[in-house]
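*Asks:* Can you keep this structure in mind? I'll have questions shortly.
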Amino acid sequence: MKTLMRGAAVGLALALSAQVAQAQAGLSLGLGAGAVVPTGSMADLNSTGWSGQAALRVKPAVSPLGFQVDAFYTRFGLDGIDAHSRMIGATGNAVYAFSGASAARPYLIGGVGLYNAKASIPDAESQSKFGFNAGAGFDFGLGSAKLFAEGRFHAIVKGTADLNGEKTAYMIPLTVGIRF
């Protein structure tokens, strides 16, 4: 019986310390969706589309600086034809969260990523490119969860091609979601 009680006490202590460690580390999962606007040479072929995002953020409670990894799926319509293009990507970002007592807490985000694009037309090949992103957003307190809204600017190096060679492709996703 004493062994059972010690085991239960150790198990409870481990569970509580893991919960405290998670709270101090500020680990959160975010899910969001929204519109994405192609700009520059990317807008020559693509129309405004939609995007879905999943993000894992780690932010220590005592520091305004954190790290976020996200994955996204974006789909654009192709102008002039009955087809679409899609982009699947992942980015690693630094996040700077401003401190404050208000319900809306602003943050800055930016980093690097890998972007894979493909069109739904015959013989289209999938292409992977590196890129960069930067943006800003707000977290809105909602009990233990948070609503968020953000806008980012993505630059995909050599992401589009025309007769003059490869060009950097640009897109701006506007995302709203919830963070747990």
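The values are calculated or read from the model by the stated rules, or taken from the named source; none is laboratory data. Because the structure is predicted, anything quoted here is derived from the model rather than measured. Using ideal geometry, Cβ is built from the backbone for each residue, glycine included, and neighbour counts are taken over all protein chains shown.
Residues checked against (1) over 16 Å from Gln53 (Cβ atoms); (2) in contact with a Phe, Trp or Tyr (Cβ under 6 Å, 6 or more places away or on another chain); (3) surrounded by fewer than 16 Cβ atoms within 10 Å (Cβ to Cβ); (4) modelled with pLDDT of 95 or more:
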residue: Gly66; (1), (2), (3), (4): yes, no, no, yes
residue: Ile109; (1), (2), (3), (4): no, no, no, yes
residue: Asn116; (1), (2), (3), (4): no, no, yes, yes
residue: Pro122; (1), (2), (3), (4): yes, no, yes, no
residue: Phe130; (1), (2), (3), (4): yes, no, yes, yes
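*Asks:* Inside the stretch 137-160, can you point out the residues that are over 17 Å from Gly113 (Cα atoms), aliphatic (A, V, I, L, M) and in contact with a strand residue (DSSP E or B) (Cβ under 7 Å, 6 or more places away or on another chain)?
*Replies:* Ala145, Leu147, Ala149, listed by residue number.
*Asks:* Being touching a residue at least 60 places away in the same chain (Cβ under 8 Å) and either surrounded by fewer than 15 Cβ atoms within 10 Å (Cβ to Cβ) or within 18 Å of Gly131 (Cα to Cα) (or both) is the filter here; which residues of the stretch 44-64 pass it?
*Replies:* Asp44, Ser51, Gln53, Ala55
*Asks:* Check the stretch 168-175 and report whether any residue there is of a type outside the set (A, V, I, L, M, F, W, C), farther than 21 Å from Ser47 by Cβ, buried (at least 16 other Cβ atoms within 10 Å of the Cβ) and within 14 Å of the chain's Cα centre (by Cα).
*Replies:* no
*Asks:* Can I ask one more? Could you list, in sequence order, the residues of the stretch 106-130 that are within 19 Å of Gln68 (Cβ to Cβ) and in contact with a Ser or Thr (Cβ under 8 Å, 6 or more places away or on another chain)?
*Replies:* Matches in the stretch 106-130: Gly111, Val112, Gly113, Leu114, Tyr115.
*Asks:* Identify all residues within the stretch 32-69 that are touching a Ser or Thr at 6+ places or on another chain (Cβ under 9 Å) and outside any strand (DSSP E or B); write none if there are none.
*Replies:* Selection gives Gly40, Ser41, Met42, Asp44, Leu45, Lys59, Pro64.
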